[in-house]
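Since every read-out is calculated from the coordinates, none of them should be taken as a lab result. Given the structure is predicted, the values throughout are model-derived calculations rather than measurements. Methodologically, a virtual Cβ is constructed for each residue, glycine included, from the backbone with ideal geometry; neighbour enumeration extends over all protein chains shown.
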Amino acid sequence: MKKKVFVLGVCTLLLCGCGKTIPTLSNGEEAVVTFTNGDKISVNELYKEIKDDYALQTLIQMIDKKVLEAEYPDEVEAKKETAESAVKAMIENYGEESFKQMLQSYYGYTSIDAYKESYYVNAMQNLAIVDYGKSKVTDKEMQKYYDESIYGDILIDHILIPANLTDDMSSDEKSKEQDRAKAEAQKVIDELKKSENAKERFAELAKEYSKDESTKENGGSLGYINIGTLSQEYDEIVKAAVSLKNNSYSTEIITTELGYHVIFREDQREKASFDDVKDSIRETLGNKKLESDETMSITALTELRKKYGVEIVDSEIQKQYGNYISNMITSIENQKKDSTNN
């Protein structure tokens, strides 16, 4: 990271010259450093020294900026605003001087502007990566997902009984508390089994047992919900409700990070048509592909560079680029193998 930022600083110096007239050598090369004895260090000399160690990452960022701005012209201003807002928030959080020091000490950026530029390019890169993931989703995969994983909104009531765990509890104490909460949830199910009007009894038990203060007085009603409507924990509740019939309750305790739930399914709406949700399905499945194969993010950008005919003329940097891409893919594949073996 520090190497990349050094070149960004150098490029700024070469391009801007700090507002001064740039001196030249006798052969016409621009000088970036002069000495009192008349010696100079030229742009070419500097380039030869830094290209083996510093040039590649900066060059990739410069290439991707041009390519991505051509590919996504309508996103340029929005992503620049995103970068600007992110930097502004961090300055407000840390203070400008502290933020500058943190960028340099921990991330190697020599200026806030250099970090902002990197943030912006990264946001543009993500557009290409997401689109690449979506492009690999087939119609057959989308139809299968629609048939098996898209549901109509379900009207669900729930009773939440959490285990009251604290950090200072021993393992045995935590286990006993979890057993207590489970037993209480099971008691709710047993009470429902004895009732003649399960819906009415569920509402009574919600007031008595549920620790969800926002729903207990309303019979535990979560309203019509679906996958993604509430927090991730509630997705498990939706999945459990799918297997129930209307006006029935769960006879098995549903466990989430929030605690132990008993649910009642009141109603289910007809699910949206395939055409109405196909774009969101494509995005969901595309993201799943990217998560399962991290090399796709590298391939997405290399393919886009090829699309725009990017050719690295300098043979040494071209070789570095090829090795860099190969090493990145190998590293990801090795990490995946290690995690699988462990």
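In sequence order, the range 32-44 has phi-based couplings of 9, 9, 10, 10, 5, 7, x, 5, 9, 10, 8, 4, 5 Hz under the Karplus curve 6.51 cos²θ - 1.76 cosθ + 1.60, θ = phi - 60°, and Gly or Pro positions carry x. With kT/(6 pi eta Rh) evaluated at 4 °C and eta = 1.567 mPa s, and Rh the Kirkwood radius from Cα pairs, the chain diffuses with a coefficient of 50 µm²/s according to Stokes-Einstein. For the range 234-240, putting each phi into the Karplus relation 6.51 cos²θ - 1.76 cosθ + 1.60 with θ = phi - 60° gives couplings of 6, 4, 5, 5, 4, 4, 5 Hz, in residue order, rounded to whole numbers and with x for Gly and Pro.
Taking the longest Cα principal axis of the chain as reference, the axis of helix 274-292 is set at about 60 degrees. For the chain, find the longest principal axis of its Cα atoms and tell me its angle to the long axis of helix 295-307, 0 to 90°, nearest 10. The angle comes out near 50 degrees.
The alpha carbon radius of gyration of the range 192-251, expressed as a multiple of 2.2 N^0.38 Å, is 1.15. Ignoring lysines fewer than eight residues from Lys176 along the same chain, the ones with Cα atoms less than 20 angstrom from its Cα are Lys187, Lys211.
Run through the range 152-224 and list the GluC sites (Glu not before Pro) located in a DSSP loop whose Cβ has at most 15 other Cβ atoms within 10 Å. Within the range 152-224, the qualifying GluC sites (Glu not before Pro) (loop, at most 15 other Cβ atoms within 10 Å) are Glu196, Glu213. So how tilted is helix 2-16 from the main axis of the chain? Cα-based, degrees 0 to 90, rounded to 10. It works out to around 50 degrees. Taking amide H as placed 1.01 Å from N in the peptide plane, the amide H of Ser221 sits under 5 Å from that of His158, each at least 5 places away or on another chain.
A straight Cα-to-Cα reach below 20 Å connects Lys88 with the lysines Lys79, Lys80, Lys100, Lys116, residues fewer than 8 places away in its own chain not being considered. Enclosing the Cα atoms of the range 86-183 in their convex hull gives a volume equal to 280 cubic angstrom per residue.
Taking amide H atoms as placed 1.01 Å from N in the peptide plane, the amide H of Ser248 lies under 5 Å from those of Arg265, each 5 or more residues away in sequence or on another chain. Given the options Val130, Val238, Val313, state which has the largest fluctuation in a GNM of the chain using a 10 Å cut-off (strictly under) for Cα springs. Of the options given, Val313 has the highest mean-square fluctuation. Phi angles of the range 195-207 translate, via the Karplus equation with coefficients 6.51, -1.76, 1.60 and θ = phi - 60°, into HN-Hα couplings of 8, 8, 10, 5, 5, 5, 5, 4, 4, 5, 5, 4, 4 Hz per residue; Gly and Pro are given as x. Averaging the Cα positions of each part gives two centres, and for the range 139-211 and the range 295-342 these lie 47 Å apart.
Here's how it looks for Tyr260: its modeled amide H is under 5 Å from those of Ile161, Ala163, which are all 5 or more places away or on a different chain. Taking the Kirkwood radius as Rh and the Cα radius of gyration as Rg, the range 152-268 has a ratio of Rg/Rh equal to 0.98. Any idea what the dipole of the chain comes to, in debye rounded to 20, about its Cα centre with Lys/Arg Cβ at +1 and Asp/Glu Cβ at -1? It comes to approximately 680 debye. Using C-alpha pairs below 8 Å separated by at least 6 residues, the relative contact order for the chain is 20 percent. Using a Gaussian network model of the chain with C-alpha springs under 10 Å, which one of Gly133, Gly220, Gly228 is most mobile by mean-square fluctuation? Ranking Gly133, Gly220, Gly228 by mean-square fluctuation puts Gly228 first.
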